[in-house]
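Worksheet: the structure to be examined is printed underneath.
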Amino acid sequence: MKLGAGDSGFGARGWALGACLSTVVLTVTLPAAAPRAQLAPQRVVSLVPSATEMLFAMGAGPRVAAVSSYDHYPPEVERLPRVGALVDPDVERILSLRPDLVIAYASQTDLRAQLGRAGIPVYSYRHGALADITAGMRDLGTRLGLETQARAAAAEIDSSLSDIRARLAGRRRPGAMLVIGREPQSLRAINVSGGYGFLHDLLDLAGGRNVFGDVSRESMMVATETVLARAPEVIIELHYSDPPSSDAIARERKTWSLLPGVPAVKNGRVYLLYGGELVVPGPRVVLTAQTFARALHPDVFGVR
Amino acid sequence: MTDVRRRLAMSMLVFGSLAFVAVIGAPLLGTTPIRLARVFDRTIPFADNVDAQIFFIARLPRALAGALVGATLAAAGVVFQALLRNPLATPFTLGVSAGAALGAMLAITMRLHLSLWGVSAVTAASFVGSLGAVGIVYAMARARHRGFSTNILLLAGVTLNSFFSALILFVQYLADSAEALRTMRWLMGDLDVAGYGPLLAALPLCAIAFVAFAWLPRALNLLSLDTDAAASRGVDVLRVQRVAFFSASMATGAAVSLGGPIGFIGIIVPHLVRLMVGADHRIVLPASALFGAAFLVAADVVARTAMAPVELPVGIITALIGGPFFLWLLVRQR
């Protein structure tokens, strides 16, 4: 049994090797379902991009052995092996990397069963609201034996977020619509954030009143009629890609001129945001919150 | 003859008023209360008149799109059922919609962010996809016959459908989650066209097809019984088949690229109308077009009001109403 800790060049510790070897022996002799190690995991496979970002934020980056096909941040992950994602985890590849912890979505029950048979512990990750991000980060830190570092990183996120909230205390909250998808170059299939989920929470924190906050759904399709009726004063549109040319952005923004009666359109307050961080409920929510706050309250956060 | 004329006039009157009421009534219905006096008040600038915008931008194009798509799919259904001499044929049987869907999926996942006259890349690509499917099926049907084998047409269409479905799944599987969601949404059908551009693009194609449909009914009557008998009665069978195939396919392609592959209209409306007016295509064809328009416009009103402010895909409504109803029809007929 060659343990990967030495291979990847991060602290080849003899005791860890010995301990792991003995647990391997244990797993062979005991029923297969017995969890392998209560030691801090050293080779972590993350199938969840936000968890990957959390690991790096708490200083566990060097322990990440592989990531999902959707991971793009931090840049270090580009060098790591990819082992599929939510619907297509590559179990063979994961097993061949000999991880001592796999972070998977809670819904990946088949994967958990398969890894369980191989004696590989799985940390089930669940997306939730904004508050769950730092809570999840502290929990993950405990699991990795990095409680202090995780707490510190989480506290930094919490304090940045409450700083934004504090600066907006007492200000009027403009009605805002958060568009998370639509057909390019037309106003068809408009998908917006309802009143649940981290994006709604971020909008709320950044001093916006979600005009669809009354619908307790994470996302929903709305008709153009509903957009006209709800009359958002600000429209924030998320694009999970790198920004295209400024011409293309201008053209995309102009699509909204089809609905001149919407206050956001009338007053030129349609903001198109680009970036992969917008979709990841990880440590970079601080950036997203700041961007939302600049769009909603340019007078407080400086004109964008 | 005069009897047919009288029945035609009668059914045009009934189904025509139904379609008229639907198209006029639908823009008046919705979850947002609007005042008609304000909608038509010219003294308020349009940019400030939200009532007028809801009426003219959000609701009227939707009702018109519903009418166009409903009429086209229902009429195309009648033509395909007669051409293939199969009561279970639909406008989607020959792979037109699967081709359109594949085109749309590719445009979505390849992130083609272009538009021309208010027609987005997705709409254009889905039309091109439907033409591709029509071309392949036609080439197959012609390949080994001097004539036009409807059996091969049917088999090629069904095969193409499943082949394209596999490609669609493949493209969807490779897409990221946001794109996969958009492709799924597209497949459920959507008439919220937001403006008149897409409508105007589809209209000429549908109009040409309807001109062809007007020429077809008498020949379809003979053809749906027996091709040899039709030939002996002086019908240019090959020509009629070709016109029927291309006009109905093109119309279907245009309708699907406008509203997505909205199911059940093309099969239940023709059967329903036949139950009411008999099997004569001179009456069934126009009556189905009018009833299809009324049916889809009404289904779309349900789609946008039932769960408001959440928008329901209209394809789900037509299938939910159409499925059980059609089953009931099948059981009752036997």
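FYI, it's all coordinate maths here, none of it is from the lab. None of the values given here were measured: they were computed from a predicted structure. Positions of Cβ are generated from backbone atoms using ideal geometry, with glycine treated the same way; all protein chains shown enter the neighbour counts.
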I need the phi-derived Karplus couplings for the stretch A:235-249: 6.51 cos²θ - 1.76 cosθ + 1.60, θ = phi - 60°, integer Hz, Gly and Pro marked x.
10, 10, 10, 9, 10, 8, 10, 5, x, x, 5, 5, 4, 5, 5
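Within 11 Å, Cβ to Cβ, of A:ALA51, how many net charges do the neighbouring residues add up to if Lys/Arg are +1 and Asp/Glu are -1?
My count for the surroundings of A:ALA51 gives -1.
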On C-alpha positions alone, give me the angle between the axis of helix A:131-143 and the longest principal axis of chain A, in degrees, nearest 10.
10 degrees
For chain A, what relative contact order do you get, as a whole percent, if you take Cα pairs closer than 8 Å and at least 6 residues apart?
15 percent
Within 10 Å of each Cβ of B:44-53, how many other protein chain Cβ atoms are there on average?
3
As I understand it, the value is the acute angle between the Cα axis of helix A:285-296 and the longest principal axis of the Cα atoms of chain A; what does it come to in degrees, rounded to 10?
0 degrees
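222 nm [θ] for chain B, helices only, -39500 (n - 2.57) per DSSP H run of 4+, per residue, to 500? Intermediate values should be presented prior to the final figure.
Values: 15 runs with 242 residues, N = 334.
Value at 222 nm, helices only, nearest 500: -24000 deg cm²/dmol.
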If each K or R counts +1 and each D or E counts -1, the residues other than B:THR318 whose Cβ falls under 13 Å of its Cβ total -2
Projected area, mean over directions - the stretch B:86-195, Cα convex hull, nm²:
8.1 nm²
Hz values of 3J(HN,Hα) by residue in the stretch B:211-223 - Karplus curve (6.51, -1.76, 1.60), Gly and Pro given as x:
4, 5, 4, 5, 7, 7, x, 4, 5, 4, 4, 6, 5
How long is the gain from A:ARG117 to A:SER160 if the chain were fully straight, where each residue apart is worth 0.36 nm and the alpha carbon distance is subtracted?
11.3 nm
Using DSSP, restrict attention to beta bridges with both residues in chain A and report what percent are antiparallel, rounded to the nearest 5.
20 percent
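For the stretch A:172-301, give me the percentage of DSSP beta bridges that are antiparallel, rounded to the nearest 5 percent. Intermediate values should be presented prior to the final figure.
Details: 6 of 17 bridges.
Looking only at bridges with both residues in the stretch A:172-301, the antiparallel portion is about 35 percent.
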Distance (nanometres) between label positions extended 7 Å along Cα→Cβ at B:ILE152 and B:ARG5:
4.4 nm
With +1 on each Lys and Arg Cβ and -1 on each Asp and Glu Cβ, how big is the dipole of the protein assembly as shown about its Cα centre, in debye rounded to the nearest 20?
1180 debye
³J(HN,Hα), Karplus 6.51/-1.76/1.60, whole Hz, each residue of the stretch A:151-159, x for Gly, Pro
4, 5, 5, 5, 5, 5, 4, 4, 6
CD proxy, 222 nm, chain A: helix-only mean residue ellipticity via -39,500 (n - 2.57) per DSSP H run with n ≥ 4, per residue, nearest 500, stands at -11500 deg cm²/dmol
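Between beta-carbons, use under 15 Å as the cut-off and find the net charge around B:VAL240, counting Lys and Arg +1, Asp and Glu -1. Present the calculation step by step, with values, prior to reporting the outcome.
On the way: positive: B:ARG85, B:ARG218, B:ARG233, B:ARG239, B:ARG242, B:ARG282; negative: B:ASP226, B:ASP228, B:ASP236.
Residues close to B:VAL240 contribute a combined charge of +3.
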By how many degrees, 0 to 90 and rounded to 10, does the Cα axis of helix B:177-187 deviate from the longest principal axis of chain B?
60 degrees
Within a 10 angstrom radius of the beta carbon, how do B:ILE265, B:ILE57, A:ILE164 rank from fewest other beta carbons to most?
A:ILE164, B:ILE57, B:ILE265
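How much of the DSSP beta bridge set in the protein assembly as shown is antiparallel, as a percent to the nearest 5?
Values: 8 of 30 bridges.
Roughly 25 percent of the DSSP beta bridges within the protein assembly as shown come out antiparallel.
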Highest first, please rank the peptides A:243-249, B:169-175, B:120-126, A:285-291 by the mean number of other Cβ atoms sitting within 10 Å of their residues.
B:120-126, A:285-291, B:169-175, A:243-249
